Amino acid sequence: MNQLRIVGGTVYDPANGVSGEVRDICIDDGRIVDSLPASARRLDASGMVVMPGGVDIHSHVASGSVNLARRLLPEEHEADPAAAPALTGGDVARSGTGGTIPSTFTTGYRYAGLGYTTVFDAAVAPIMARTSHGELDDTPIVDAGFFVLMGNDEYLLRLVAAGERAQAREYAAWLLGAAGGYAIKVVNPGGVELWKRGARDRVGLDTPVGSERVTPRAILETLVEAANGLGLPHAAHIHCNDLGVAGNVATTLASMRAVEGRRAHFTHLQFHAYDAAPDGTRRSGARPLIEYINAHPEISGDVGQVMFGAATTLTADGAVEYLLHKSSGRRWVNVDIELETGCGVVPHTYKEKNAVSALQWVVGLELFLLAADPWRMVLSTDHPNGGSFLAYPELIRLLMDRGYRDSCLARVNQTLLAGSAMADGIGREYTLDEIAIVTRAGPARLLGLTRKGHLGPGADADVTVYARDEDVSKMFATPRYVVKGGTLVVEEGQLRRAPRGQRLHVRPGYDGAVETPLREFFDRHATVSFRNYPVGDLRDTPIMVGRT
Ligand SMILES: [Zn+2]
């Protein structure tokens with residue numbers, strides 16, 4: 001029962017050193033096993049490519065800002081109605097809407113249809129965590145979790161001001177468990193709080209936030225130490241200060257130096273890798289950034305590639321959205337979230353003929369193509385900020401096919417590209433092995449998910465089978481088969497089953513003494529009572545935390 005042998009495929013499983021070998025993959029009761037009896041059900045994958053299911057380390061699918069974005073863009077719903085899939089086997093099929101921010105059920109169906117089986121929402125305000133869990137409950141198939149916003153949290157900033165970093169670590173542990181989150185997220189540390197107080201200047205690393213002791217640097221140090229001290233499976237996940245502005249690569253490098261020698265993950269680095277030309281315009285700053293990362297094995301990143309076409313920018317970094325609204329004139333939402341963070345949404349279109357869009361596209365590709373270690377520079381578009389997750393196959397083609405990439409490069413606006421590595425020519429073409437690393441094995445390892453991103457015995461039976469196609473973007477857009485937790489969810493390219501996914505979360509132990517002053521703080525300042533704040537028990541057991 002529940003056994004399946006995937007026969008004769010060409011397997012790419014870089015975590016286990018398997019590179020393009022024809023071998024069978026055996027599945028028993030939701031896990032990969034060494035062998036199966038000859039009588040087990042068989043799936044013929046002859047001539048096809050077999051990889052672990054995709055793992056998305058940074059996406060936005062289930063947060064308050066995602067819902068605001070859905071409400072802001074009703075025309076997207078009308079333009080892309082998503083009919084209920086023809087499921088078999090008793091799963092209830094739901095219709096929905098697509099666009100850059102699909103509805104919950106459609107999000108699960110489309111990720112699975114792309115061969116992705118694990119997804120993380122990168123930015124949830126803890127006060128909104130209950131909503132996010134509700135949304136993930138309605139996002140079928142994929143295993144999912146979220147990162148908890150802490151970089152502008154009022155209580156945390158007070159602990160930093162008091163020099164109480166050990167207490168800050170205990171508070172972070174409590175907050176992760178209360179929210180049912182997976183990792184610590186830092187967005188524009190201190191900068192969102194400054195924005196809420198009316199500041200409009202660049203932040204850098206050493207601007208005081210109220211107290212002289214509270215600076216972006218101090219917040220970064222505190223939360224990186226908390227993630228490592230608590231033994232969390234994933235490092236602190238950092239969105240640096242000064243996103244988008246000319247010269248911000250200096251801030252990004254200073255942030256990396258501030259935590260040098262300590263494990264840290266820097267996200268959507270494309271948006272943080274701009275040099276400034278003498279006239280103040282943006283230029284590529286990818287080279288010095290990737291050189292630093294190449295030389296520092298404790299640092300990892302994801303790219304946040306921009307793809308031409310429609311996108312929706314949504315972030316806790318409210319200041320960025322204000323500036324984008326001002327420069328683009330597109331419709332806009334900004335929200336302050338009490339005591340915790342901010343949030344903003346602006347739709348955006350990246351155009352080949354727009355100088356800044358073209359620069360962003362080039363900077364992202366440079367980060368991929370100059371990265372010495374693909375395990376530490378993994379694929380993301382910061383969905384839906386740089387583009388939809390549905391653009392991943394096109395991005396894979398850009399990485400694998402230099403001729404295609406150069407023909408695209410020739411079409412884009414060249415104004416800001418002088419001196420960039422791409423303009424000078426980069427010959428590298430990703431192999432299927434490297435694609436398997438940046439889309440599944442690498443993110444799984446960075447997330448500390450020991451049963452994801454590989455096909456060794458004991459791994460979750462999340463497997464994607466692609467029919468080869470000369471156009472790799474077609475191959476990766478429409479997998480022939482997808483297995484999720486041992487269930488065949490895509491058959492002959494059609495979504496057929498939609499089991500519920502698991503919630504990936506942690507519940508680190510913490511010093512109970514943290515609760516007394518915290519309860520007092522809630523009574524005094526919050527609209528939610530301390531007792532009602534935690535989301536309570538979740539259906540799935542927490543992932544083990546390595547704290548000793
Ligand atoms: Zn993001």
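Hey, among the residues in the stretch 271-281 that are touching a Gly at 6+ places or on another chain (Cβ under 8 Å) and open to solvent by 10 Å² or more (accessible area, probe 1.4 Å), which one's nearest to Gly244 (Cα to Cα)?
Taking the candidates together, the pick is Phe271.
Inside the stretch 99-209, counting only helices (runs of 4 or more DSSP H) that do not spill past its ends, which hold 2 or more residues that are under 20 Å from the mean Cα position of the chain (by Cα) and more than 18 Å from Thr341 (Cβ to Cβ)?
Output list reads 104-113, 129-137.
If you check Thr527, Thr541, Thr516, which single one turns out to be at pLDDT below 95, of a type in the set (Ser, Thr, Tyr) and surrounded by fewer than 16 Cβ atoms within 10 Å (Cβ to Cβ)?
Thr541
Residues are listed down the side, and each one gets a yes or a no for (1) under 20 Å from Val320 (Cβ atoms); (2) of a type in the set (A, V, I, L, M, F, W, C); (3) within 16 Å of the ligand (Cβ to nearest atom):
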position	(1), (2), (3)
Ala172	no, yes, no
Ser211	no, no, no
Val224	no, yes, no
Gly261	no, no, no
His265	yes, no, yes
Leu269	yes, yes, yes
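Out of the stretch 125-165, which residues are away from the ligand (no atom under 16 Å from the Cβ) and closer than 23 Å to Pro52 by Cα?
Of everything in the stretch 125-165, those that are away from the ligand (no atom under 16 Å from the Cβ) and closer than 23 Å to Pro52 by Cα turn out to be Leu136, Thr139, Pro140, Ile141, Val142, Asp143.
So Asn228 passes all but one of these: (1) in contact (Cβ under 8 Å) with a residue 60 or more places away in the chain; (2) open to solvent by 10 Å² or more (accessible area, probe 1.4 Å). Which condition number does it fail?
For Asn228, the exception is condition (1).
Which one of these is aliphatic (A, V, I, L, M) and closer than 30 Å to Pro534 by Cα: Ala436, Ala459, Ala498?
On inspection, the qualifying residue turns out to be Ala498.
Taking into account only those residues within the stretch 112-124 that are out of contact with any Gly (no Cβ under 6 Å at 6 or more places or on another chain) and either of a type in the set (D, E, K, R) or within 16 Å of the ligand (Cβ to nearest atom) (or both), which is nearest to Ala144 (Cα to Cα)?
Here the answer is Val119.
Pick out the one residue from Arg213, Arg169 that is touching a helix residue (DSSP H, G or I) at 6+ places or on another chain (Cβ under 7 Å), more than 30 Å from Asp137 (Cα to Cα) and at pLDDT 95 or above.
Result: Arg213 is the single residue among Arg213, Arg169 that is touching a helix residue (DSSP H, G or I) at 6+ places or on another chain (Cβ under 7 Å), more than 30 Å from Asp137 (Cα to Cα) and at pLDDT 95 or above.
In the stretch 370-381, how many residues are open to solvent by 10 Å² or more (accessible area, probe 1.4 Å) and either part of a loop (DSSP other than H, G, I, E, B) or among the aliphatic types (A, V, I, L, M) (or both)?
Within the stretch 370-381, residues that are open to solvent by 10 Å² or more (accessible area, probe 1.4 Å) and either part of a loop (DSSP other than H, G, I, E, B) or among the aliphatic types (A, V, I, L, M) (or both) number 3.
When you look at Asp424, is it in contact with a Gly (Cβ under 9 Å, 6 or more places away or on another chain) and farther than 29 Å from Arg110 by Cα, yes or no?
For Asp424, the condition - in contact with a Gly (Cβ under 9 Å, 6 or more places away or on another chain) and farther than 29 Å from Arg110 by Cα - is not met.
So for the stretch 247-263 (the condition being of a type in the set (A, V, I, L, M, F, W, C), open to solvent by less than 50 Å² (accessible area, probe 1.4 Å) and either without any contact (Cβ under 8 Å) to a residue 24 or more places away in the chain or touching a Gly at 6+ places or on another chain (Cβ under 6 Å) (or both)), does at least one residue qualify?
Checked against the condition, which is being of a type in the set (A, V, I, L, M, F, W, C), open to solvent by less than 50 Å² (accessible area, probe 1.4 Å) and either without any contact (Cβ under 8 Å) to a residue 24 or more places away in the chain or touching a Gly at 6+ places or on another chain (Cβ under 6 Å) (or both), the stretch 247-263 yields at least one hit.
Taking the stretch 337-350 only, how many residues are within 23 Å of the chain's Cα centre (by Cα) and either of a type in the set (D, E, K, R) or surrounded by fewer than 16 Cβ atoms within 10 Å (Cβ to Cβ) (or both)?
Qualifying residue count for the region: 2.
Applying the selection to the stretch 72-129, what residues are among the aromatic types (Phe, Trp, Tyr) and either at pLDDT below 95 or more than 17 Å from Asn385 (Cβ to Cβ) (or both)?
Selection gives Phe105, Tyr109, Tyr116.
When you go through (1) assigned to a loop (DSSP other than H, G, I, E, B); (2) out of contact with any helix residue (DSSP H, G or I) (no Cβ under 9 Å at 6 or more places or on another chain); (3) within 16 Å of the ligand (Cβ to nearest atom) one by one for Ala391, which number turns out not to apply?
All conditions pass for Ala391, except number (1).
The values are calculated or read from the model by the stated rules, or taken from the named source; none is laboratory data. A quick note: this is a predicted structure, and the numbers were derived from the prediction, not measured. Every residue, glycine as well, gets a Cβ built from its backbone with ideal geometry; the counts of neighbours run over all protein chains shown. Keep in mind that these areas ignore ligands, DNA and RNA; they rest on the heavy atoms of the full protein, side chains included. Shrake-Rupley method; radii C 1.70, N 1.55, O 1.52, S 1.80 Å.
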